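The structure appears right after this line, and notes come after that.
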Amino acid sequence: MLRLLNTSLVLSVLLSGLLVDSARAESQLSTEQMHLSFGDQGQLVAVLVCHPGCNQSSARRLMLKNENGLIRFAAQAEGGWQLTEESGDRDHALTFRSREGKFLRWTLANTGYGIQLETQGLGEVTVQADEEFRAREAPGFGEWLEQVRYLAIEPGNVQQVSLDDLETPEIATEWAGYRSRFWTMLLTADKPLAYSLQIAENNLDPILVSQGAAESVNWQIYLGPVERSALAKVDELLPDLMYAGLWFWLRWICIFLGVLLAWIQ
């Protein structure tokens, strides 16, 4: 069951492996697969994601932290934010409201890796990773698999952009984000948007910023494993990223093996 954790209960999350700054993380949302920590203005400052579940010792884990915000907003005001929570049978929500009428609402389902985000008056959204998301060293073909890349996903097309691809500083797409070999962060808005990408030689960390965000935007976010069933639960387009960039014959082999393993299970 989802629950709201106050600062006094931060220790319970630390014990599960997520290092957060309790002075900056005023509240948290938690499920069996995700722990989200928020700053006092509602920015996402730390996450722990587990697959298949955080209560399993063999689970694969991703921990990210940025005190300024892994997901943050251009027009956030300092101070005066009020926090409320809402609980339902299927999800749990935290709403942050400012004295100026700005607000953001995070909604996390009881299961899965999908997050809903509603924003009002907050301007552009910046999404970034930290050094825990960086590519690991690997020999041979493994080096290519470990690379971190930007993603642009539309029906029938998945574009991958290298972090040092100086020819692609901006993308306009339905889903945008970044991926590593095992994990991905993706978001889409309820209206068409373009995203600027941090591109530079020897760039290690992906950062993308939405351009021309409207006064009110509803976002859908996937933060989880590069795993077909988990991706498909959020959007049927997302599993297409799994074999993007592979030679066509290798892609079909991987798809066949994936179907075969799913059938065996």
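Taken together, the values in this text are just the output of simple stated rules run on the coordinates, not laboratory data. Source: prediction; values computed, not measured. Here the Cβ positions follow ideal geometry from the backbone for every residue, glycine too, while neighbour counts run over all protein chains shown.
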Would you work out the charge dipole size for region 99-138 about its Cα centre, treating the Cβ of every Lys and Arg as +1 and the Cβ of every Asp and Glu as -1, and quote it to the nearest 20 debye? 220
Given charges of +1 on the Cβ of Lys and Arg and -1 on the Cβ of Asp and Glu, with all other atoms neutral, how large is the dipole of region 54-170 about its Cα centre, in debye to the nearest 20? 460
Residue 102: which lysines have alpha carbons under 20 Å from its alpha carbon, excluding same-chain residues fewer than 8 sequence positions away? 191
How much length would be gained if the chain were fully extended between residue 61 and residue 134, taking 0.36 nm per residue of separation minus their Cα-Cα distance, in nm to one decimal? 24.9 nm
Between residue 194 and residue 216, what length in nm is gained on full extension when 0.36 nm per residue of separation is reduced by their alpha carbon distance? 6.3 nm
